[in-house]
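I have placed the structure first, in the form of structure tokens, so that the comments after it can refer back to it.
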Amino acid sequence: MARRTEKSETAFAHASKVLVGGVNSPVRAFAAVGGTPPVIAKAKGSQITDIDGNTYVDYVCGYGPAILGHASEPVVTAINKAVRNGTTYGAPTEIETKLASAVVAAIESIDQVRFVSSGTEAVMSAVRLARGVTGRDKIIKCIGCYHGHADSFLVAAGSGAATLGTPSSPGVPAGAAAATLLVEYNDLAGVQAILEENPTEVAAVLVEPIAGNMGVVLPGPGYLQGLRDLCDTHDTLLIFDEVITGFRVGYGGAQGLYGVRPDLTTLGKIIGGCMPVGAFGGRADIMQNLAPIGDVYQAGTLSGNPAAMAAGLATLAELREEGFYERLEAVSGEIAAGMQAAATDAGIGSKVCFNRAGAMMCCFFTPGPVTDFASASVSNPKAHAAYFHAMLDAGVYLAPSQFEAMLVSAAHTDADVEFTIQAAGRAFAAAAEFM
Ligand code: HOZ
């Protein structure tokens with residue numbers, strides 16, 4: 001049955017009069033793929049439903065937080081219980097200490113944590129802390145990595161910024177951009193060269209340990225350890241942005257997977273159980289420089305919000321269940337293998353490149369290998385748009401961007417996997433027309 005779109009089109013036209021571009025975050029618009037986004041009414045488990053009544057198997061997962069699927073019962077129960085006691089106090093609570101303790105127990109490099117309300121805030125604050133502690137202004141950032149939309153990071157940024165062709169935004173002061181030194185992902189020699197050219201000037205190397213905002217790009221062998229070693233040599237702090245990878249690729253994050261210990265880590269998404277949240281944490285001797293103990297100022301009215309803390313705590317409890325990540329890995333592996341086979345059946349198996357790290361993956365419409373933004377950005381946009389729309393029409397909801405990850409949740413069933421692979425067969429056939 002053809003997908004109905006009338007109600008979404010009307011609602012989106014109305015939205016576009018009062019919301020800029022009809023959205024509250026640019027990547028949600030269909031700018032790169034064309035068409036009108038479905039306007040969502042509700043979601044449950046692996047399924048998301050629009051206001052026309054179309055239901056899709058969802059691989060956006062709220063751009064990361066919905067690792068348990070949507071409206072997971074333990075999370076809904078925890079939020080309900082929390083909000084009955086009031087939704088914000090502007091004062092300490094026990095539940096924020098419980099979630100902080102869970103984060104500290106999960107991630108070895110984190111001794112202390114501070115909660116904020118978004119990933120952007122987390123990275124912005126971690127970098128301020130790094131600058132404050134080191135007395136240095138410059139940071140090194142990888143081209144195509146996305147660390148939220150604070151000024152210093154909107155330089156050669158991935159995610160929605162790259163999708164819209166504005167990786168470096170107007171409005172960012174030249175001074176803020178000048179302090180951000182750029183290097184391709186996976187280019188250790190490039191990092192070394194920058195550190196040597198800027199002795200005692202670089203506060204931090206900021207990196208997504210698995211890049212998830214230029215599609216999915218994995219760190220090459222020795223890359224993360226190499227960054228650690230370079231940072232040690234140059235007295236520079238290493239910051240892992242694990243807003244996407246934290247609690248997604250394993251309970252200990254990407255740093256647990258690769259066995260590399262950053263000085264500071266940023267988190268978000270999953271730790272708020274689909275409520276607005278962010279966090280940064282790390283070595284106690286660094287974190288102790290934050291106000292009110294130290295001089296580096298950082299604050300937030302809704303930070304440690306009890307409903308978000310409750311949702312995060314309930315989510316982390318589910319993730320600790322025996323076999324959780326093994327099951328997630330098995331389902332993710334089946335999806336990736338099935339989709340790769342579908343691409344081969346459509347005659348484009350050697351013309352596409354699948355990258356996957358656990359429950360985050362993506363298909364690039366280029367033979368690859370895709371190891372950095374330069375190799376990601378040559379993905380064929382017409383083939384991607386054809387694939388995206390064929391998946392949507394078939395009932396599979398993907399992010400409307402080549403540079404976002406396809407994310408799997410614990411709620412995805414065997415039937416979802418089968419349905420997705422079938423849909424991919426048609427989608428790759430549509431993409432093949434452009435390759
Ligand atoms: N970190 C998300 C992108 N991978 C943010 C989504 C958004 O910009 O709305």
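The values are calculated or read from the model by the stated rules, or taken from the named source; none is laboratory data. Here the structure is a predicted model, which means the values were calculated and not measured. Here the Cβ is made from the backbone with ideal geometry for all residues, glycine too, and neighbour counts use every protein chain on show. For the accessible areas, the whole protein counts, side chains as well, though only heavy atoms, and no ligand, DNA or RNA atoms are used. Shrake-Rupley method; radii C 1.70, N 1.55, O 1.52, S 1.80 Å.
The residue list V417, V408 contains one member that is open to solvent by less than 10 Å² (accessible area, probe 1.4 Å), at pLDDT 95 or above and within 16 Å of the ligand (Cβ to nearest atom), which is V408.
Which residue is nearest to the ligand (Cβ to nearest atom), if the candidates are limited to region 149-172 and must be surrounded by 23 or more Cβ atoms within 10 Å (Cβ to Cβ) and in a loop (DSSP other than H, G, I, E, B)? Only one residue fits best here, namely G158. Residue pairs whose Cβ atoms lie under 6 Å apart, separated by 6 or more positions or on different chains, with the first residue in region 352-371 and farther than 19 Å from G333 by Cα and the second hydroxyl-bearing (S, T, Y), are F365/S379; T366/S379. Residues satisfying the criterion are present in region 117-131 (criterion: basic (K, R) and out of contact with any His (no Cβ under 9 Å at 6 or more places or on another chain)). Within the bounds of region 361-377, is there any residue that is modelled with pLDDT of 95 or more, small (G, A, S) and open to solvent by 40 Å² or more (accessible area, probe 1.4 Å)? Yes; the residues of region 361-377 include at least one that is modelled with pLDDT of 95 or more, small (G, A, S) and open to solvent by 40 Å² or more (accessible area, probe 1.4 Å).
Per-residue answers, yes or no, for (1) in contact with a Cys (Cβ under 6 Å, 6 or more places away or on another chain); (2) farther than 20 Å from I244 by Cα; (3) modelled with pLDDT under 95; (4) away from the ligand (no atom under 16 Å from the Cβ):
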| site | (1), (2), (3), (4) |
| --- | --- |
| V60 | no, no, no, no |
| G64 | no, no, no, no |
| S72 | no, no, no, yes |
| T88 | no, yes, no, yes |
| K98 | no, yes, no, yes |
| S109 | no, no, no, yes |
| V113 | no, no, no, yes |
| S118 | no, no, no, no |
| R128 | no, yes, no, yes |
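Listed by first and then second residue, the pairs linking a residue in region 153-176 that is over 12 Å from F403 (Cβ atoms) to a residue that is within 13 Å of the ligand (Cβ to nearest atom) and open to solvent by 60 Å² or more (accessible area, probe 1.4 Å), with Cβ atoms under 8 Å apart and 6 or more places separating them unless they lie on different chains, are S169/H149.
Pairing each residue of region 385-411 that is over 17 Å from A31 (Cβ atoms) with any residue that is in a helix (DSSP H, G or I) and within 15 Å of the ligand (Cβ to nearest atom), provided the two are 6+ apart or on different chains, yields C-beta distances under 6 Å for L407/C61; S409/C61. Highlighted here are the strands (runs of 3 or more DSSP E) found entirely within region 18-137 that include at least 1 residues which are under 25 Å from V417 (Cβ atoms) and in contact with an Asp or Glu (Cβ under 9 Å, 6 or more places away or on another chain): 40-44, 47-50, 55-58.
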